[in-house]
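Student: Before I ask anything, let me first share the structure, which is written out below as structure tokens.
Computed from the coordinates by the stated procedures, all read-outs in this text should not be read as laboratory data. Note that the structure is predicted; figures quoted are calculated from it, not measured. Cβ placement follows ideal geometry from the backbone for every residue including glycine, while neighbour counts extend to all protein chains displayed.
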């Protein structure tokens, strides 16, 4: 008996993905949430120019504190990443240069806030 191929279906708003594999063929499809970055999200960002990684929680300007890992949604990087998903690449137009970034991971940090 040949296993069924993996099937992936993206919902109409790209926020929900159904994955069916041979192992789950008789069960309901797995539903995964694809998180977009918004205020309260914990984000792992890779700098494509120098290879460094940074982890931040996206917050309002009043709550921002880079030393504590709290990035303002109004900063150049915050504006560039907001609304994007893991795997997306963005350009952040900082005052001295353009930063080329890849969003490595996103987690909704609001439960811990």
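Student: Between residue 60 and residue 38, what is 0.36 nm times their sequence separation minus the Cα-Cα distance? Round to one decimal in nm.
Tutor: Extra length from residue 60 to residue 38 when fully extended: 6.9 nm.
Student: Among DSSP beta bridges whose residues both lie in region 41-112, state the antiparallel percentage, nearest 5.
Tutor: DSSP beta bridges in region 41-112 are roughly 85 percent antiparallel.
Student: Using a basic spin-label model with each label point 7 Å from the Cα along Cα→Cβ, how many nm lie between residue 79 and residue 108?
Tutor: 2.8 nm
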